[in-house]
1. So if each residue of separation counts as 0.36 nm, and I subtract the Cα-Cα distance between D263 and N165, what length gain in nm does that give?
2. So what's the back-of-envelope 222 nm ellipticity for the chain, counting only DSSP H runs of four-plus at -39500 (n - 2.57) apiece and dividing by all residues, rounded to 500?
3. Tell me the accessible surface of M70 in square angstrom (1.4 angstrom probe, heavy atoms of protein chains only), to the nearest ten.
4. For labels at E189 and D56 in the simple 7 Å Cα→Cβ model, what's the distance in nm?
5. So if we plug the beta-carbon distance of D174 and L136 into 1/(1 + (r/R0)^6) with R0 = 35 Å, what FRET efficiency do we get, rounded to 0.05?
6. Find which of A142, A207, V172 sits farthest along the positive direction of the dipole of region 106-218, computed with +1 on the beta-carbon of Lys and Arg, -1 on that of Asp and Glu, about the Cα centre.
7. GluC sites (Glu not before Pro), restricted to region 41-92: which are DSSP loop and have at most 14 other Cβ atoms within 10 Å?
8. Going by the alpha-carbon gyration tensor, a ≥ b ≥ c the square roots of its eigenvalues, is the chain rounded (a/c under 1.5) or, if a/c is not under 1.5, prolate (a/b greater than b/c) versus oblate?
Amino acid sequence: MATAEETSKRIVQRRTMRIPWNIESHLREEQVGTEVADGVYQLCSTMTNMYLIEGDDGLTLVDAGLPAHMDLLQAGLERIEADISDINAVILTHIDPDHIGLAEPLRKEGIPVWVHEDGEEVALEGLGKPPIGFFLLMWRPAFVRFIRALMKDGMGDEEPIAEVNTFTEGQVLDVPGQPEVIHTPGHREGHCSFWLPDSRILFAGDALITLDIMSGKAVDPEPVRGGDLFNFNKEQQEDSARKLATLGQVSLLPGHVDPWRGDLGELYSPAD
């Protein structure tokens, strides 16, 4: 059996040509079980993140990547001397194709999947056609190449999730790590973030990311660009950013590319 290091190299080699050429080079780096905070591990491929939270009672997977990311997950688990059976829960920041790719395959392995109550219907019924804004932004070369890269890793082939558990605003989930739910709609109606208050770790999903997908450039944490063409509601995005700003100093783990550490209150005026 290949070692985690050998598997990591194979993943990188196979996907190097899938990364848009005009994305800043340091944002293309693969992360296979990289510890980015105490007991939290980043799995990143095609610039899309999954995270593992290690608790006394097992692991929680935050977001589920793309359908082609199972080998990435397995390599990351091997690197931390774990396997699929150690995952006790999958928690999703939102129902988007690049965040749910492994959710149904893992559910079939007996691992419960959790979503915000506002995302339950679309999780069960499937995503349907992309929003019209998806096509109206195709004149941007970086955006097109980013989407093509996701498609090569299976975006569009994700399965509806046959059964989900739901959570609500403020709930502390009974899963390893016990993250607190912060409802952060805007990118999607049912979008949420997860907060570990003791370690000040924020899993922001796509509420705040460190990649401008329209230009391929690294940025300070910001809502996904594209306005209402690509997002559910731009005003809600901004409200959610201000809501997260009340957390102050955080280790922010976004849905795409690099983590960020700093004071969100210095970037956004906290919500009144």
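1. Gain in length upon complete extension: 32.0 nm.
2. -6500 deg cm²/dmol
3. Accessible area of M70: about 50 Å².
4. Here the modelled spin labels are 4.0 nm apart.
5. Once rounded, the FRET efficiency stands at 0.25.
6. Working it through, the farthest residue towards the positive pole turns out to be A142.
7. Here the sparse-neighbourhood loop sites are E81.
8. rounded
The values are calculated or read from the model by the stated rules, or taken from the named source; none is laboratory data. As the structure is a computational prediction, the values presented were derived from the model and not from experiment. Here Cβ is always computed from backbone atoms with ideal geometry, including for glycine, and neighbour counts include all displayed protein chains. Heads up: the accessible areas ignore ligands, DNA and RNA and are worked out on the full protein's heavy atoms, side chains in. Shrake-Rupley method; radii C 1.70, N 1.55, O 1.52, S 1.80 Å.
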